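These notes are about the structure you will find just below.
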Amino acid sequence: MPAVIVLGTQWGDEGKGKATDQLGQRTDVVVKFNGGNNAGHTVVVNGEKYALHLLPAGILSEGVTPVIGNGVVVDLEVLFEELAEMERRGVDVSRLLISANAHIIPSYNRVMDRATEKSLGERQIGTTGRGIGPTYADKMNRIGLRIQDLFDESILRQKVRSALVGKNTTLEALGGTAIDPETVIAELLSYVERVRPMVVDASLVVNDALDNGKMVLFEGGQATMLDIDHGTYPFVTSSNPTAGGALTGTGVGPTRIDAVVGVAKAYTTRVGEGPFPTELTDEVGQALREKGGEFGVTTGRPRRCGWFDSVVVRYSTRINGLTDICLTKLDVLTGYETIPVCVAYEVDGVRMDEMPMDQSSFHHAAPIYEELPGWIEDISDVRRFEDLPTNAQAYVLRLEELCRCRISSIGVGPGREATIVRMPIAD
Ligand code: GDP
Ligand code: IMO
Ligand code: MG
C-alpha cells in the first residue's frame, strides 16, 4: 500500500498521532502536509508518552524518514526545542527533512495572532496563538518567508523589512508596540547553519520514494471541520487539512494516492470557538471530558465534548473521498446504558441529513439522535472485533453505515498496541 493520507474527520484531536504511528511502523516516509505547532499529536510507545507538535509521528519509528512538507508553517524556535527534547529522550532526530518551500512563522506573527484575536473581542476564533493564521495570510499575500530565504541574507532582510511595514502600522493601530526588523533578522539568521542540512526538495523525496515502491504516509494536522474551505468558517484554522491539502502540501499528484484514512473519535470534541451541534454543556459533557482526558496537548485548554455526529463524519467521507475510517477511543464510551448518535439535524423545523450549505443553519442545527444500547465490559484489552461486546460491535457497525465508509480499525486505548485491526487499510 504505497501512499496513504491520514487526516482528521471532526474538529481535531481524533488520535491522528496514534493512527499515524501505528500505521507508520511499516512505512518508509511520513510527511506532514499542513498546519504547524497548533497541532498536538500524542503517541504512546511502551507506556512512554510523546507530544508532537511540528515533528511527524514517523520520527518515533526507526527506519522511517520524517519529512516536513511545503504546506507546513514552521516556527524555528519550536522546531529546535522539540528536536532537543526528542534527542534528550533518546530519539534519533538526524533523519528529519524539511521542504525548502515551507513557510517560516516569524516571531512577529505570534504577536499579530494575539493582537488580531484581541481586536475581534467577542468574535474571536480562540486560536492557539501560535502565529498560524498570519503566516498563511502572508503566504497568500506573497510577503511570507520561506525556509530557502534563510540562505540568502539580502533577500531575507528585504522581506522582513517590507513585511513589517504593514504589520507595524496595524500593531500600533491596535495599541501594540512596533517590532524592530533587525531583531527578527538576527533571530532568523541564528538558525541558518542548523537548518541547512535538513533542507530538501521534499516533493522529489516523496515522489522518488513512491517510484521506488516505498510506502509514504501523509500526516494531516487539524481536521476537516477546521479546513479553511470546507470547515466552519470563520471558526477554522488557515490551512487545508483535507485530502487536497495533502497533495498541494507535499507536491504529489492525486493519481499517486492509494488510500485516504479518516480518523474519527467515537464521540466528538472541539477546542476554541465555533458551532458544535452535539455539544454537551452539562455534567454529562463534563464527565465525558474527564473520562476521555479531553484537555489540549498544545494549549492545555479543556476540550468541548459531545456525542458522535454522523452528519459531520459523513460530510468528511465526501469531502476527502475516504477509503477507511480509524475509529478511536471506543473504550471511553464503556459504561453508558445507551449512547446517543446524531443521525441528522433539524433546522427551523426541517430535517437535514447532510451538512447545511450555509453557516447560520449549522449554528442553529439541533441534533436528531438515535439511541444505541451501551455496554459495561472493559474493552481495553480486546484485540479482535469478534471479542467486543455485542453492543459495542453494533455501535461500530451503525457508525459505519451512517458514515458511509468502512471502519477498518478501532482504538481501545492510547498505546500503540491498543488497536483492533479489522481489515488492512484500503485492501
Ligand atoms: P491528534 O491531535 O489527532 O493526534 O490527537 P491528540 O493526541 O490531540 O488527542 C488524542 C488523545 O487520545 C491522546 O491523548 C491519545 O493518547 C489518546 N488516544 C488516541 N487513541 C485512543 C484510544 O483509542 N483510546 C484512548 N483511551 N485514548 C486514545
Ligand atoms: P490537532 O492536529 C484541535 C483550532 C483552534 C482554533 C482554530 C484556529 O492536534 O488535531 P489556529 O491556531 O490554527 O489558527 O486556531 O483551530 N485548532 C485545533 N483544534 N486540534 C488541533 O490540532 C488544532 N489546531 C488548531 O483551537 O479553534
Ligand atoms: Mg491534537
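The values are calculated or read from the model by the stated rules, or taken from the named source; none is laboratory data. Predicted model, so just to flag it, every value in this text is computed and none were measured. Because the Cβ atoms are built from the backbone with ideal geometry, glycine has one as well, and the counts that use them run over all protein chains shown. These area figures cover heavy atoms from the full protein model, side chains too; ligands, DNA and RNA do not enter into them. Shrake-Rupley method; radii C 1.70, N 1.55, O 1.52, S 1.80 Å.
Amide H neighbours of V72 under 5 Å, counting only residues 5+ apart in sequence or on other chains, H built in-plane at 1.01 Å?
H103
Stretched out fully, how many nm does the piece from S190 to E77 gain, at 0.36 nm a residue minus the Cα gap? Don't skip to the answer; put the middle values down first.
On the way: separation 113, 0.36 × 113 = 40.68 nm, distance 1.02 nm.
Length difference between fully extended and current span is 39.7 nm.
Grab the Cα-Cα distance for V45 and S94, subtract it from 0.36 nm times how many residues apart they are, and report the gain in nm with one decimal.
Value of the extension gain: 15.7 nm.
Net charge near E77, counting Lys/Arg +1 and Asp/Glu -1 over other residues with Cβ under 15 Å of its Cβ?
On the way: positive: R110, R130, R194; negative: D75, E81, E82, E85, D113, E187.
With Lys, Arg at +1 and Asp, Glu at -1, the net is -3.
Residue by residue through region 319-333, what is 3J(HN,Hα) from phi via Karplus (6.51 cos²θ - 1.76 cosθ + 1.60, θ = phi - 60°)? Round to whole Hz and write x for glycine and proline.
Working through the residues one at a time gives 4, 9, x, 4, 9, 8, 10, 9, 8, 10, 6, 4, 4, 5, 8 Hz.
Among the aspartates and glutamates, select those whose C-alpha is under 14 Å from the C-alpha of K291, and discard any that sit fewer than 8 residues away in the same chain.
Partners found: E283, D331, D378.
Subtract the Cα-Cα distance of D152 and E290 from 0.36 nm times their separation in residues, and report this length gain in nm to one decimal.
Residue separation times 0.36 nm, minus the Cα-Cα distance, leaves 44.7 nm.
Using Cα springs under 10 Å in a Gaussian network model of the chain, which residue among G253, G90, G213 shows the largest mean-square fluctuation?
It is G90.
So what is the calculated 222 nm ellipticity per residue for the chain, using -39500 (n - 2.57) for each DSSP H run with n of 4 or more, over all residues, to the nearest 500 deg cm²/dmol?
Details: 13 runs with 137 residues, N = 427.
Computed mean residue ellipticity for the chain: -9500 deg cm²/dmol.
On a 0 to 90 degree scale, rounded to 10, what angle separates helix 153-173 from the longest Cα axis of the chain?
70
Compute the Cα gyration tensor for region 1-103, then decide on rounded, prolate or oblate, letting a ≥ b ≥ c be the square roots of its eigenvalues: rounded whenever a/c is under 1.5, prolate when a/b is larger than b/c in the other cases, and oblate in all that remain.
Details: a/c = 1.19, a/b = 1.03, b/c = 1.16.
It is rounded, given that a/c, with a ≥ b ≥ c, falls under 1.5.
Roughly to the nearest percent, how much of the accessible area of the chain is carbon and sulfur, given a 1.4 Å probe? Let's see the in-between values first.
Numbers: 8740 of 17310 Å².
Of the solvent-accessible surface of the chain, carbon and sulfur hold 50 percent.
Measuring from centroid to centroid over Cα atoms, what is the spacing of region 1-23 and region 385-427 in Å?
Centre-to-centre distance over Cα atoms comes out at 15 Å.
For T268, enumerate residues with amide H under 5 Å from its amide H, sequence gap 5+ or separate chain, H modeled in the peptide plane.
G306, W307, F308
In sequence order, what are the phi-derived ³J(HN,Hα) couplings for region 96-110 according to the Karplus relation 6.51 cos²θ - 1.76 cosθ + 1.60 with θ = phi - 60°, rounded to whole Hz, with x for glycine and proline?
Computed from phi, the couplings for region 96-110 are 5, 10, 10, 5, 5, 8, 5, 8, 9, 8, x, 4, 5, 6, 5 Hz.
As a quick test, which of the pairs K18/K329; K18/K49; K139/K159; K16/K49; K16/K265; K32/K167 have an alpha carbon distance above 18 angstrom in this structure?
Numbers: K18/K329 11 Å; K18/K49 11 Å; K139/K159 12 Å; K16/K49 14 Å; K16/K265 10 Å; K32/K167 29 Å.
Over 18 Å apart, Cα to Cα: K32/K167.
What does the charge count around V343 come to, taking other residues whose C-beta lies under 12 Å from its C-beta (Lys +1, Arg +1, Asp -1, Glu -1)?
On the way: positive: R314, R351, R398; negative: D309, E346, D353, E354, E370, E371, E401.
Taking every other residue near V343 into account, the sum is -4.
Using a Förster distance of 41 Å, how high is the FRET efficiency between D208 and Y233, based on the Cβ-Cβ distance and rounded to 0.05? Don't skip to the answer; put the middle values down first.
Values: r = 36 Å, r/R0 = 0.89.
That gives a FRET efficiency of 0.65.
With an 8 Å cut-off on Cα pairs and a minimum separation of 6 or more residues, tell me the relative contact order of region 272-387 in percent.
Result for region 272-387 is 27 percent.
For S94, S380, S119, give the ranking by accessible area with the largest first, probe 1.4 Å.
Values: S94 95, S380 35, S119 70 Å².
The ordering from most to least exposed comes out as S94, S119, S380.
So, taking all protein chains as they sit and a 1.4 Å probe, how much accessible area belongs to Y233, in Å² rounded to tens?
Surface open to solvent at Y233 totals about 130 Å².
Residue-wise, which Karplus ³J(HN,Hα) couplings in Hz belong to region 137-143, taking 6.51 cos²θ - 1.76 cosθ + 1.60, θ = phi - 60°, and x for glycine or proline?
Each residue's phi maps through the Karplus curve to give 5, 4, 4, 5, 7, 6, 10 Hz.
With a sphere of radius 9 Å drawn around the Cβ of V64, what net charge do the other residues whose Cβ falls strictly inside it have (Lys, Arg +1; Asp, Glu -1)?
Its environment carries a net charge of -1.
Could you pull out every residue, at least 5 positions away or on a different chain, whose amide H is within less than 5 Å of the one on R146? Hs are placed 1.01 Å off N in the peptide plane, and Pro or chain starts have none.
Result for R146 returns I104.
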